[in-house]
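What follows is one structure encoded as structure tokens, with my remarks underneath.
The values are calculated or read from the model by the stated rules, or taken from the named source; none is laboratory data. For clarity, every value in this text was computed on a predicted model and none was experimentally measured. Note that each Cβ is placed from the backbone with ideal geometry, even for glycine, and that neighbours are counted across all protein chains shown.
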Amino acid sequence: MTRWLDDDEQRAWRAFLTASQLVQEELDRQLQRDSGMPHAYYAVLVKLSEAPDRMLRMSELAAEVNSSQSRLSHAVARLEDRGWVRRERCAADRRVSWAVLTDEGFAVLAAAAPGHVEAVRQCFFELLDPEQLHRLTEICTVLLRKAAP
């Protein structure tokens, strides 16, 4: 038997979905407008910038940005076209490919980051008081613990 959502659950679920979508869309618009890249490309650059030697296996990078291998490969190809990322084959295992953040890519990320952080503050953090932020962090931690592979 299906356990339908009650009114409170329905309101919470729809509010979560809509709020998540609107925040993502706003961040994407800001990055497109100010830096000429979608949020997905920014996320790839961030993950690479935080990795040792600014490089990750393509499979690891896909997991880090919560992307399929094919979607990530397409994004990395576009980033390669811009000179922001390059791919390298692993000498020890030819099946493995690495994504490497170039100096140009790092400079683009460094230029984009201040505007992005300000947009995150405006559309997210400035709307929450400290208690709401604490509760949201707890909620998201529970959801991630259950959803993460």
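General remarks:
- Any pair with Cβ under 9 angstrom, 6 or more apart, that starts in the range 10-34 at a residue that is within 17 Å of residue 45 (Cβ to Cβ) and ends at one that is of a type in the set (D, E, K, R) and surrounded by 11 or more Cβ atoms within 10 Å (Cβ to Cβ): 30/118
- Where residue 66 falls short, out of the listed (1) modelled with pLDDT of 95 or more; (2) out of contact with any Phe, Trp or Tyr (no Cβ under 9 Å at 6 or more places or on another chain); (3) not acidic (Asp, Glu): (1)
- Residue in the range 24-58 that is surrounded by the most Cβ atoms within 10 Å (Cβ to Cβ), counting only those that are of a type in the set (Ser, Thr, Tyr) and out of contact with any Phe, Trp or Tyr (no Cβ under 7 Å at 6 or more places or on another chain): 41
- Matching residues, the range 1-23, being surrounded by 11 or more Cβ atoms within 10 Å (Cβ to Cβ) and among the basic types (Lys, Arg): 11, 14
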